[in-house]
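I have placed the structure first, in the form of structure tokens, so that the comments after it can refer back to it.
The values are calculated or read from the model by the stated rules, or taken from the named source; none is laboratory data. Quantities reported herein were computed from a predicted structural model and do not represent experimental measurements. Cβ sites come from the backbone with ideal geometry, for glycine too, and all protein chains shown count toward neighbours.
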């Protein structure tokens, strides 16, 4: 299974609407007032960026804010004809391209992206990992979730020494992995 598709390998649900999940780059600074995900939402384009809670000190007081986990990573769900004028008009927004392919933007399959978004939104505090951060020791038990918010999900149970919380790894191949909390009673070892 290839993580990225080209225009000829689009699944049936994407060809109905012609929309794809494009992987985009946001070249604005981390303190920008209008980062790409806010700009795309203003334009009416559905987008997703993995967010984490961070504490910032401002004027001697600490405040908690949601900020992107990887600032330059944005997923936009739209047709290419709609995104192209936006990318052309905004110099800090770019497509990410597939390696060794001339001008072919990266896309993520609809099913993989919807599964990832659903899992991340079901957890209060998901943890994100880049592909190089996942070690074989962390991937010991393959499990299936039966019941609860993530009913039907399969994947690896994150193994971390000393942790009492069970976390399921949900992945976007070659891009990002999220560890979301699952209740122990819903976990079945495969």
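Can you tell me which residues in region 44-57 are more than 19 Å from residue 127 (Cα to Cα) and in a loop (DSSP other than H, G, I, E, B)?
44, 45
Do any strands (runs of 3 or more DSSP E) entirely within region 58-173 hold 2 or more residues that are in the same structural domain as residue 48 (by TED's automatic domain parsing), and if so, which?
Ranges flagged: 61-68, 73-78, 93-95.
When you go through 176, 93 one by one, which is the residue that is touching a residue at least 12 places away in the same chain (Cβ under 8 Å), over 17 Å from the mean Cα position of the chain (by Cα) and under 19 Å from residue 72 (Cβ atoms)?
Criteria check complete, one pass: 93.
Residue-by-condition table, conditions (1) surrounded by 10 or more Cβ atoms within 10 Å (Cβ to Cβ); (2) under 29 Å from residue 122 (Cα atoms); (3) modelled with pLDDT of 95 or more:
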site	(1), (2), (3)
65	yes, yes, no
68	yes, yes, no
88	no, no, no
97	yes, no, no
102	no, no, no
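Count, please, the residues in region 166-190 that happen to be at positive phi and modelled with pLDDT of 90 or more.
Total satisfying the criteria: 0.
Going by what's in this entry, would residue 143 be described as over 17 Å from the mean Cα position of the chain (by Cα), surrounded by 18 or more Cβ atoms within 10 Å (Cβ to Cβ) and within 30 Å of residue 187 (Cβ to Cβ)?
When the stated conditions are applied, residue 143 passes them.
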